[in-house]
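Heads up, the thing below is written out as structure tokens.
The values are calculated or read from the model by the stated rules, or taken from the named source; none is laboratory data. All values reported here derive from a predicted model rather than from experimental measurement. SASA here: full protein model, heavy atoms, side chains in, ligands and nucleic acids out. Shrake-Rupley method; radii C 1.70, N 1.55, O 1.52, S 1.80 Å.
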Amino acid sequence: MKILVTGGAGFIGGNFVHYWLQNHPEDQLINLDLLTYAGNLETLKTIETLPNYQFVQGDIADRDTVFTLFEREKPDVVVNFAAESHVDRSIKDPESFLRTNVLGTMVLLEASKAYPVKRYHQISTDEVYGDLPLERKDLFFTEQTPLHTSSPYSASKASADLLVQAYHRTYGLPVTISRCSNNYGPYHFPEKLIPLMIIRALNHEKLPIYGKGDNVRDWLHVEDHCRAIEKILKEGKEGEVYNIGGHNERTNLQVVKAILKTLDRPESLISFVTDRLGHDRRYAIDPTKIEQELGWKPRYNFDTGLQQTVAWYLSNKDWWGNILTGEYREYIKETYTV
Ligand SMILES: NC(=O)c1ccc[n+]([C@@H]2O[C@H](COP(=O)([O-])OP(=O)(O)OC[C@H]3O[C@@H](n4cnc5c(N)ncnc54)[C@H](O)[C@@H]3O)[C@@H](O)[C@H]2O)c1
């Protein structure tokens with residue numbers, strides 16, 4: 001099989017490329033990535049010379065690039081991870097989010113229709129459902145929960161999902177969509193909560209937490225996410241949406257305290273900063289459908305998964321050290337004003 005992965009130099013896409021090549025060495029994998037600030041080829045160093053792996057630098061929103069690639073490679077399966085993915089950046093610059101996340105998805109759908117694929121899989125997010133009240137622990141997002149977005153990022157992802165469903169209904173394109181909760185694990189760009197806090201704690205720097213730190217996120221190890229996508233590609237039903245999550249709800253403050261404990265750093269490093277605009281309160285996925293219909297279950301427990309992730313950052317300082325450029329430091333200062 002020939003699989004086209006977009007955004008494979010990013011966090012989840014990069015983990016998926018490793019996962020797929022390890023578990024399906026008979027397949028050919030093409031990775032199309034623009035290499036924005038979030039893309040890092042260092043993540044793929046150990047596999048870049050494999051004969052069944054090919055990297056193509058290019059923009060999913062550029063029709064010529066995408067159609068030329070499809071004409072040449074005629075992939076059997078497309079998995080679209082490529083996206084502008086950071087909520088804070090979407091608040092400052094919504095336009096690039098609409099271009100990549102909406103227009104880029106449409107270009108990939110068009111190409112998948114013109115050069116018929118066996119499956120087009122869209123990587124979406126639980127953020128398309130909006131948020132849940134903190135005090136209603138009984139509520140969870142199911143696949144039937146209405147789309148109700150909060151940020152330009154989630155609005156762009158929801159728009160892309162609607163397009164994917166329209167291409168199924170209108171043109172019969174064999175699509176699937178997965179909506180996953182927050183991921184953590186190796187190769188996570190250090191502007192996101194967990195790697196940001198690990199690296200700052202290691203450097204004895206202040207740890208900026210939005211508001212009171214009581215926002216709740218539902219954490220899933222990235223390898224469990226990759227395994228769920230594999231299940232959907234192999235056994236998922238065309239036209240269906242699958243929620244992916246592992247019932248690992250934690251407040252941001254709990255996560256940061258757990259990191260400090262693992263690294264033996266004092267809680268006095270925590271510094272509460274002005275809350276994010278429109279900050280979602282709680283995300284919580286109900287994964288019953290994927291568990292019952294496809295027999296998927298997460299293998300990682302959050303506490304041990306987090307400890308392993310901290311250990312990964314400790315032994316891969318070169319990977320993240322190279323990212324901590326002046327531009328990146330400037331961005332963190334502007335965003336969190338610590
Ligand atoms: N990180 C999470 O916790 C999470 C949770 C649920 C869903 N998702 C979704 O998973 C996907 C991957 O997320 P991530 O955290 O790995 O993101 P990321 O920001 O780490 O990686 C995105 C990748 O896409 C590439 N890219 C950006 N614009 C592109 C374009 N126009 N053309 C080609 N490549 C482009 C970037 O270079 C980067 O390599 C996204 O679609 C995101 O919405 C993420």
Practice task
Taking only protein heavy atoms into account and a 1.4 Å probe, give the accessible area per residue of segment 1-125 in Å².
Solution key: 40
Completion exercise
For the chain the mean separation of alpha carbon contacts under 8 Å (6+ apart) over residue count, i.e. relative contact order in percent, is 17
Exercise for the section: Could you sort out which of Lys212/Lys261; Lys2/Lys157; Lys234/Lys317 sit more than 29 Å apart by Cα distance in this structure? Expected result: Lys234/Lys317
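Where the accessible area of segment 1-71 is counted over protein heavy atoms with a 1.4 Å probe, how much of it, in %, is carbon and sulfur?
The nonpolar share, carbon plus sulfur, comes to 50 percent.
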Problem - Protein accessible area in segment 78-146, 1.4 Å probe - carbon and sulfur % - result: 58
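Against the globular-protein guess of 2.2 N^0.38 Å, express the Cα radius of gyration of segment 21-157 as a ratio, rounded to two decimals.
Working: Rg = 17.1 Å, N = 137, 2.2 N^0.38 = 14.3 Å.
Segment 21-157 yields a ratio of 1.20.
One-quarter of the Cα convex hull surface for segment 156-197, in nm²?
4.1
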Problem - Calculated [θ] (222 nm, deg cm²/dmol) that DSSP helices of n ≥ 4 give over the chain, each run adding -39,500 (n - 2.57) - result: -12000 deg cm²/dmol
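How much of the DSSP beta bridge set in the chain is antiparallel, as a percent to the nearest 5?
Working: 4 of 41 bridges.
Taking every DSSP beta bridge within the chain, about 10 percent pair in antiparallel fashion.
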Exercise for the section: At a Cα cut-off below 19 Å, give the aspartates and glutamates reachable from Lys237, other chains included and same-chain residues fewer than 8 away excluded. Expected result: Asp76, Glu143, Asp161, Asp286, Glu291, Glu293
